[in-house]
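One structure, as structure tokens, below. Some questions next.
The values are calculated or read from the model by the stated rules, or taken from the named source; none is laboratory data. If you're wondering where the values come from, they're calculated on a predicted model, not measured in any experiment. All Cβ positions, glycine included, derive from the backbone under ideal geometry; neighbour counts span all protein chains shown.
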Amino acid sequence: MKLSRNAGLAVLGLATALSLSACNNGEDSAQAPAAKTPSSASPSSSGGGSSPDSGSGSGGAQTGSAKPGSGTGSSSSSGAVNGGAESGGKTTFCKTEDLAVDATNAAPDQSSGRINITMVNRGSATCSATGFAGVDIKDADHTSNPIERGQAQPRVTTLKPGDAAVFDLAYTIDGSGKSLAHPTNILVTPPNETHTVSLTWPAGAGAIKGAYTDVQVYPTHTTN
């Protein structure tokens, strides 16, 4: 009986020791999280969010300072100035309906062909005939051939009512009698106009040597 009692006391003592040990471990594990609480403030103390905002702000300011297309207006305005100067700024171009147009043979010799085309201002206002007239020569075979411009700079040609402007067609005369060109009419469109007048090829004008591409038209000028 003494042995049984002693064994029982020993078992009870062991159980008590294990219970105390378990309690101590539980208290330690409960205190562990409390020791880590200061680290939970670290995310809120981060100031990194303000840096990207300030960076994007500076980028927006740089973009706003650019002025694309700021130089395009000057080219348009210079074109308008040139156009105004060309027409004299005040004088309008002569209209075909206000011009009396005529063609005459003006060859200075037997080898140099020249047709003078005169335009008289029959209108009631001063007008400009400055530039090159458009010219086509119509052949006996009913074809029409455009005439190229000669190497000359136009001169200002302003016509008051009753004034005349003249321009000429120049070519080499073919004296062989074998010319393949047989002109019948000269189709004239005054400078800066779209309406054409048909003139009869002047009687007595020398034959054209070569082709119609060898004839050249020169700019207008006044007869004064």
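Among residues belonging to the range 88-110 that are modelled with pLDDT under 95 and surrounded by 14 or more Cβ atoms within 10 Å (Cβ to Cβ), point out the one that is nearest to ASP163 (Cα to Cα).
Checking each candidate, the answer is THR91.
Might you check whether a residue that is at pLDDT 95 or above, of a type in the set (D, E, K, R), farther than 12 Å from VAL188 by Cβ and touching a helix residue (DSSP H, G or I) at 6+ places or on another chain (Cβ under 9 Å) occurs anywhere in the range 132-147?
yes
Does SER198 count as exposed (fewer than 13 other Cβ atoms within 10 Å of the Cβ) and under 28 Å from CYS94 (Cα atoms)?
When the stated conditions are applied, SER198 passes them.
Let me ask another. Please count how many residues of the range 139-184 are under 22 Å from ASN105 (Cβ atoms) and of a type outside the set (A, V, I, L, M).
As a first pass, look at the range 139-184 and keep what is under 22 Å from ASN105 (Cβ atoms): 139-140, 144-150, 152, 164-184.
Next, from what is left, pick out any that are of a type outside the set (A, V, I, L, M): 139, 144-146, 148-150, 167-168, 171-172, 174-179, 182-184.
Residues flagged as under 22 Å from ASN105 (Cβ atoms) and of a type outside the set (A, V, I, L, M) within the range 139-184 amount to 20.
Can you confirm whether the range 125-134 contains a residue that is of a type outside the set (Gly, Ala, Ser), under 17 Å from PRO219 (Cα atoms), in contact (Cβ under 8 Å) with a residue 40 or more places away in the chain and part of a strand (DSSP E or B)?
No, the conditions are met nowhere in the range 125-134.
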